[in-house]
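Everything below concerns the one structure shown next.
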Amino acid sequence: MPIAFLGLGAIGTPMARHLARPEWGLRVWNRTAAKAAAFAAEHGVTHAATPADAARGASVVITCFPVSADVESLLDGPTGLLATMERGATLVDCTSGDPATSARIAAKLAERGIDFIDAPVSGGVVGAEKGALTVMIGGDAAVIAKVRPYLEAFGQKIVHCGAIGAGDAVKAVNNALLALHLWSTAEGLAALTKAGVDPAIALDVINTSSGRSNASMNLFPDRVLTRAFPRTFRLALLDKDVGIAAEVARQQKVPAPMLQLTADLFRASHIAMGEEADHVEVVKWVEQLTGVEIRPASH
Ligand code: NDP
């Protein structure tokens with residue numbers, strides 16, 4: 001039976017490349033059809049004209065869109081996934097989604113005997129290219145077992161986090177921590193730079209000390225100090241993730257002032273910097289607020 005991949009964005013494209021094995025009969029669909037056509041031509045797979053065409057007779061349909069609502073919007077109607085997905089098939093949603101919408105999608109699919117797991121990923125575009133992503137999953141263990149070979153094509157670490165929505169919730173909290181580290185590292189380095197400390201030297205200390213994080217160890221040295229700011233993961237998407245984390249805390253009636261503050265800061269930065277800014281470019285926003293550019297003395 002063929003498989004389908006929908007959503008050839010920054011991370012979806014390198015994920016789908018690992019699924020383009022002749023024996024899996026991959027079909028791809030993307031809203032901007034030219035991207036799917038180019039991918040299909042390059043990898044010798046099938047370009048589907050609609051989500052329904054991609055899903056017809058497929059055992060597994062994998063989606064990777066900005067938000068869960070995008071997945072939900074592709075279910076119904078004559079060109080939607082439910083027009084052709086069959087009983088026993090599985091929808092694997094790799095969107096960094098929200099637990100409530102994932103639960104709604106899962107319930108709708110269950111009425112038709114179609115399985116669902118929320119399976120967001122971490123590891124970024126580089127991890128996706130290497131097939132080394134972490135996949136965090138909400139759903140049934142038997143369903144995960146059924147689709148595991150496909151997850152292992154792009155994922156190195158596959159973790160069952162709990163019931164439907166648990167993958168989304170873990171992903172959102174992880175990314176809220178990324179956001180918090182990005183923002184607070186920028187504040188700290190701005191203060192140190194203004195105090196006359198070279199931020200490269202400060203990072204050298206922090207990165208062998210207890211304040212280190214992925215932001216301090218990788219993002220600041222590779223993307224901020226170099227002023228490269230490559231576009232790999234949109235700030236708009238990180239804003240969405242932190243908002244989901246704050247909402248998970250609110251739903252659970254867990255006081256979470258840091259999550260809420262971070263959500264508000266990233267919402268404001270997203271509004272200020274627009275839809276296409278990269279997440280690390282939030283540092284430029286902190287630089288504007290503080291009036292300090294975080295540049296090493298050598299740069
Ligand atoms: P992009 O913005 O690069 O791509 C989004 C994809 O979704 C594109 O294929 C776009 O189509 C499609 N799309 C957007 N809106 C709709 C819609 N309403 N209907 C149908 N298709 C739509 O996002 P990413 O690939 O970066 O991210 C995808 C998901 O993965 C997000 O949830 C993100 O948070 C998560 N993620 C991203 C990572 C990264 O490093 N980029 C890392 C880990 C998770 P079109 O080509 O037409 O615009």
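Every read-out reported here was derived from the displayed coordinates using simple, explicitly stated rules and does not represent laboratory data. Everything quoted here is computed from the prediction, not taken from an experiment. When we count neighbours, we look across all protein chains shown, and the Cβ atoms used for this are built from the backbone with ideal geometry, even at glycine.
Quick notes on this structure:
- The fewest-to-most ranking of F5, F233 by surrounding Cβ atoms within 10 Å reads F233, F5.
- Listed peptides 90-102, 124-136 by packing density, highest first (mean Cβ within 10 Å): 90-102, 124-136
- Amide H contacts of F116 (H built 1.01 Å from N, under 5 Å, at least 5 apart or other chain): L91
- Unit charges on C-beta of K, R, D, E only; dipole of the chain, Debye: 280
- Backbone amide hydrogens, once placed in the peptide plane, bring D98 within less than 5 Å of S68, excluding anything fewer than 5 places away on its chain.
- Cα centroids of segment 245-299 and segment 50-80: 32 Å apart.
- Between K194 and R21, the distance separating the two model label sites (each 7 Å from Cα on the Cα→Cβ line) works out to 5.5 nm.
- Counting only DSSP H runs of at least 4 residues, each contributing -39500 (n - 2.57), and dividing by the residue count of the chain, the helix-based mean residue ellipticity at 222 nm comes to -14500 deg cm²/dmol.
- Cross-link pairs exceeding 31 Å in C-alpha to C-alpha distance, out of K157/K284; K130/K194; K157/K194; K35/K130; K108/K146, comprise K157/K284; K130/K194; K157/K194.
- Relative to the longest principal axis of the Cα atoms of the chain, the long axis of helix 166-194 lies at roughly 20 degrees.
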